[in-house]
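Step one of this worksheet: look at the structure below.
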Amino acid sequence: MDKRNERAAERRMDARRPAQRARNGRPPKHEAHLNAREVARWALTDVVRAGSYVSAALDRHLNTTQLSAEDKRLAASLFFTAVENRLLLEARLSLFWTERPEPVVEDILHIAAAQLLLMDKIPDHAAVDEAVKQTRASGRDGLAALVNGILRSLIRARDAGELPEITDPAVLYSFAPNLARRLMEAYGAQEAEKIMADRPRPSQTIRFNAMKTSAEDFEKYLKAHDVIFERGVVPGAYRCPAAGNLARLDGFRNGYFSIQGESSMLAALAVEPKPGMNVLDACAAPGGKSSLIAEKMADVGRVYAWDVHEHRVELIRAAKQRLKLDCLRPAVRDARQPYADFDLYMDAVLVDAPCSGLGVIADKPDIKYRLTDEQIESLLPLQRELLENCARFVKVGGLLVYSTCTILPEENEKQVRAFLERHPEFALEPDAGYLPEPLRERCVDGMAQFLSYRDGVEGFFIARMRRKGV
């Protein structure tokens, strides 16, 4: 599923409503005066205790403070280090407590331990003193000595080389044991460890609208607006690290570019869009793939963009309006239901299915230790049902494209193989011409699995199946 774009939209919604808070309620009334470590701690509490999206939690607190640009970078670095390494930090801290502290104190300890163990150039005394100060500020004066003692014991053990070596990759890279086991079973121990060790940082990727501008003119536009960029793997894609909110630019508002992950772009290109086609994007929100398909079709033909929720279809309608795409047809529809008027009608159908999201951990690193086997297993029937029903809409000779933003075989290749066993009228399409040259070797028998550490794009799976002629 197009998680990067989806989560950007969800973050905007999340930012509009008050987050649920851990015990002891809200941040201080004068949140504008919080320092970098306090911002990092409050954002961590929002994620761990209230289930907020990672970027939404951080943005919410950064946007209500008066931190300098340098301190905002420090807050973000502290926050992401603590979120990404939660199980590792817990393993280290637990050596020095007899029972787990209450949540607020534990979060304060995690931010401090991240500085002491995983970050350079931060004096030990600053990390400890700030943690003690935050403990007192939270109304827990009686626990300040405990926090001071735990952190100073951690420093002594670190400096004496007495911290035990951690050899379990699940703990070392903060993956839940069930997920580590699944990855090792799927990829083998060596490859699985490379996957778990990968630490991609959230980064904005954009693509220009070829209906309105050229690569040369678009690059001039980015330079004129002081946007630092590098060309992506996908033609027309640009990676913009530390660019801030690119949606604020007039070029975005006027439809000259869109924000979209590169793997999501590849899923759209997999339908081989051409002017005059009829294409269905069955799980379309927030509209990045549908929009790219429509642009590649030069706005000639029809791109049906469905989602089961009205508020998510509104996101597609907003993209249609922003990009001025007449051929884009958003609708509230459940792609698991029959629609006889669409049977054998589509030149291509894209099923970008709901999934575990393990290919885009940069957007939500806490899923590494929060995703359960039950949650994964609950997705499999939904994916199967979507594939099963959407196949009926593909005309003879047409393409059925199945994609996810996960790296688990049970959600990917195994789903496709099982579908093909039930539907001999479909066959895998081996042509990998839709992929950029550096990625074509990843396509085997019509199925491509991308891994972030190896391929330089988000973890993603794409399979293309063609309906055979009679």
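The values are calculated or read from the model by the stated rules, or taken from the named source; none is laboratory data. Everything quoted here is computed from the prediction, not taken from an experiment. Please note: Cβ atoms are built from the backbone with ideal geometry, for glycine as well, and neighbour counts cover all protein chains shown.
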Do the conditions hold for residue 184, that is, is it free of Cβ contacts under 8 Å to residues at least 24 places away in the same chain, buried (at least 18 other Cβ atoms within 10 Å of the Cβ) and outside the structural domain of residue 42 (by TED's automatic domain parsing)?
yes
Wholly enclosed helices (runs of 4 or more DSSP H) of region 356-433 bearing at least 2 residues at pLDDT 95 or above
373-390, 413-422
What are the pairs, 6+ residues apart or on separate chains, where a residue within region 346-359 that is in contact (Cβ under 8 Å) with a residue 40 or more places away in the chain has its Cβ under 6 Å from a residue that is among the aliphatic types (A, V, I, L, M) and assigned to a strand (DSSP E or B)?
346/280; 346/394; 348/279; 348/399; 349/280; 349/394; 349/400; 350/401
Residue check: is residue 406 touching a residue at least 12 places away in the same chain (Cβ under 8 Å) and surrounded by 22 or more Cβ atoms within 10 Å (Cβ to Cβ)?
yes
What are the residues in region 411-437 that are among the small types (Gly, Ala, Ser) and exposed (fewer than 13 other Cβ atoms within 10 Å of the Cβ), if any?
433
Residue 166, sole failed condition from (1) buried (at least 18 other Cβ atoms within 10 Å of the Cβ); (2) outside any helix (DSSP H, G or I):
(1)
Given the residues 331, 318, which is the only one that is aliphatic (A, V, I, L, M), in contact with a strand residue (DSSP E or B) (Cβ under 7 Å, 6 or more places away or on another chain) and surrounded by fewer than 24 Cβ atoms within 10 Å (Cβ to Cβ)?
331
Do we have any residue at all in region 165-175 that's touching a Phe, Trp or Tyr at 6+ places or on another chain (Cβ under 7 Å), in the same structural domain as residue 124 (by TED's automatic domain parsing) and in contact (Cβ under 8 Å) with a residue 12 or more places away in the chain?
no
List the number of the failed condition for residue 301; all other conditions in (1) assigned by TED's automatic domain parsing to the domain that holds residue 440; (2) on the phi < 0 side of the Ramachandran plot hold.
(2)
Failed condition for residue 414, given (1) under 18 Å from residue 308 (Cβ atoms); (2) over 22 Å from the mean Cα position of the chain (by Cα)
(1)
3 or more residues over 29 Å from residue 332 (Cα atoms): qualifying helices (runs of 4 or more DSSP H) within region 191-286
215-224
Is it fair to say residue 194 is modelled with pLDDT of 95 or more, out of contact with any strand residue (DSSP E or B) (no Cβ under 9 Å at 6 or more places or on another chain), farther than 19 Å from residue 459 by Cβ and not assigned by TED's automatic domain parsing to the domain that holds residue 411?
no
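Residue-wise test of (1) crowded, with 19+ Cβ neighbours inside 10 Å; (2) in contact (Cβ under 8 Å) with a residue 24 or more places away in the chain; (3) more than 27 Å from the chain's Cα centre (by Cα).
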| residue | (1), (2), (3) |
| --- | --- |
| 439 | yes, yes, no |
| 454 | no, yes, no |
| 462 | yes, yes, no |
| 466 | yes, yes, yes |
